[in-house]
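**Student:** A single structure is presented below for examination.
Derivation of every value follows stated rules applied to the coordinates shown; laboratory data play no part. Here the structure is a predicted model, which is why all the values come from computation and not from measurement. As a convention, Cβ positions derive from the backbone with ideal geometry for all residues, glycine included, and neighbour counts pool all protein chains shown.
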Amino acid sequence: MIWDFEEKPHIYTVSEVNSIVKSLVEGEPEFHNITVEGEISDWKIRGEHAYFILKDEDSTMSCVMFGAIRRLRHEIRDGFHVFATGDIRVYERRVI
């Protein structure tokens, strides 16, 4: 890409990009109650929630299962092949 420095491009902050992505993803009905097939990796339970990576051969996605302890019917471990159903949401804010 060649920049025309007379016309300055809008430079986005990380927060602005996350907000735009959140609006696009969460506003799309196709991403509500969606089922995604993948392998569990980096499974962790923190309090009532489970945090994990869902992956396939080419990609990964970070996931959270809220209230996991109450809803789990079976023990989950890394390497399990699953069909995960839920809403895709974008978490904008990171507290350090």
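**Student:** Can you give the net charge of the other residues whose Cβ lies under 13 Å from the Cβ of R77, counting K and R as +1 and D and E as -1?
**Tutor:** Values: positive: K44; negative: E39, D42, E75, D78.
Local charge sum for R77: -3.
**Student:** What does the helix-only formula give at 222 nm for the chain: each DSSP H stretch with n ≥ 4 adding -39500 (n - 2.57), the total divided by the residues, and the result rounded to the nearest 500 deg cm²/dmol? List each step's numbers first, then the result.
**Tutor:** Details: 2 runs with 17 residues, N = 96.
The helix-only estimate for the chain comes to -5000 deg cm²/dmol at 222 nm.
**Student:** Moving on to the next point. Can you compute the equivalent ellipsoid semi-axes for the chain, i.e. the square root of 5 times each eigenvalue of the Cα gyration tensor, sorted largest first and rounded to whole Å? Mind dumping the intermediate values first?
**Tutor:** Details: eigenvalues 222, 46, 39 Å².
The equivalent ellipsoid of the chain has semi-axes of 33, 15, 14 Å.
**Student:** Nearest 20 debye, what's the magnitude of the dipole of the chain about its Cα centre given +1 on Lys and Arg Cβ and -1 on Asp and Glu Cβ? If you can, show how the numbers build up before the last one.
**Tutor:** Numbers: 12 positive and 18 negative charges, 158 e Å.
Value, rounded to 20: 760 debye.
**Student:** May I ask for the angle, rounded to the nearest 10°, between helix 14-26 and the longest principal axis of the chain, with both axes built from Cα atoms and the value confined to 0 to 90°?
**Tutor:** Once rounded, one gets 60 degrees.
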